[in-house]
Amino acid sequence: METEPLVVLAIVDALLVAMFFLFRVLPWAKPGPWRAIWLVASLTSFLFIAAELVALAAQGTALSLEHQVPLFGAIFAVTAGFILTYLGGQRVTERALTLAETDELTQLGNARAFDLHLSDLGHRRTPFALVYLDVDGLKKVNDTRGHAAGDRALQDVAAVLRGSLRQTDLAARLGGDEFALLLPGADPAIARAIAERVIAGLTDGPAPERRVGASIGIVPEAQRFTTTEAVRKADTAMYASKTAGGSRITIAEG
């Protein structure tokens, strides 16, 4: 069997191993097709090097080039099939989880997503503000323009919420015309400013025929309470705004 110079093989193998360390700095560190390419190439290289080491231990010599090429090709084919199957299954699972936590009409989080995030914040005692929002005037839109217009109005509300929140915040539709916002790290001033942006955005809505308002209740520093207490306080404050005429903000007591 013809022997390849070990120094050349060592250099080639070192370059292949270096791919592992490029994961953090090159484009394939991010989700997408480049990550699949990196996974296939790096795992193939790792297995190929392992096979070479086995050959060295068994024979005392490196594999010749005529044996290396088919070996690398076989390992690459198996690795590619495994990685692509795994990533495909992972995408299906992630998609299912996303759908399970997404409100179909507004594409915001749903009640399940809200409960999970609220529980997580409560468990970690992370400072956050809790905001409850009830849409004002939706019944009128439904009665005068039809339920299709009412659905569009709820989608308008969702768009205003997305435009008013920070990247770290969560907006969820709890059901019907009720929404909730989780604002991690928001102090009382930030929470109120976000609520005011929401009311202003709805007041200047793009479609006057389905324009609605919002009654808002805020629990600042919600981590001081149990999640059940925080929800109850937010709900009470929201209904105080609704009773006072709507399109206003009430800060929860305590």
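The values are calculated or read from the model by the stated rules, or taken from the named source; none is laboratory data. Note that the structure is a prediction, hence the values are computed from the model and not measured. Please note: Cβ atoms are built from the backbone with ideal geometry, for glycine as well, and neighbour counts cover all protein chains shown. Please note that ligands, DNA and RNA were not included when accessible areas were found on the heavy atoms of the full protein model with its side chains. Shrake-Rupley method; radii C 1.70, N 1.55, O 1.52, S 1.80 Å.
If we scan the stretch 211-223, do we find a residue that is within 19 Å of Leu121 (Cα to Cα) and open to solvent by 60 Å² or more (accessible area, probe 1.4 Å)? For the stretch 211-223, residues within 19 Å of Leu121 (Cα to Cα) and open to solvent by 60 Å² or more (accessible area, probe 1.4 Å): present.
Within the stretch 137-147, the residues that satisfy the criterion of being buried (at least 17 other Cβ atoms within 10 Å of the Cβ) and assigned to a helix (DSSP H, G or I) are Leu138, Val141, Asn142. Restricting attention to the stretch 83-116, the residues that are surrounded by 13 or more Cβ atoms within 10 Å (Cβ to Cβ), in a helix (DSSP H, G or I) and either over 18 Å from the mean Cα position of the chain (by Cα) or modelled with pLDDT under 85 (or both) total 3. Taken over the stretch 119-136, the criterion of being closer than 25 Å to Val157 by Cβ and open to solvent by less than 40 Å² (accessible area, probe 1.4 Å) is satisfied by Leu121, Phe128, Ala129, Leu130, Val131, Tyr132, Leu133, Asp134, Val135, Asp136. Put simply, of Ala186, Ala153, Ala195 the only residue that is touching a Phe, Trp or Tyr at 6+ places or on another chain (Cβ under 8 Å) and surrounded by 13 or more Cβ atoms within 10 Å (Cβ to Cβ) is Ala186.
Residues are listed down the side, and each one gets a yes or a no for (1) over 16 Å from Val219 (Cα atoms); (2) part of a helix (DSSP H, G or I):
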{"residue": "Leu118", "(1), (2)": "no, yes"}
{"residue": "Ala149", "(1), (2)": "yes, yes"}
{"residue": "Gln167", "(1), (2)": "yes, no"}
{"residue": "Ala171", "(1), (2)": "no, no"}
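Count, please, the residues in the stretch 236-254 that happen to be modelled with pLDDT of 95 or more and open to solvent by less than 50 Å² (accessible area, probe 1.4 Å). Matching residues across the stretch 236-254 total 7.
The residue pairs whose first member lies in the stretch 150-168 and is more than 14 Å from Glu209 (Cβ to Cβ), whose second member is among the basic types (Lys, Arg) and surrounded by 14 or more Cβ atoms within 10 Å (Cβ to Cβ), and whose beta carbons are closer than 6 Å, counting only pairs six or more residues apart or on different chains, are Ser164/Arg197.
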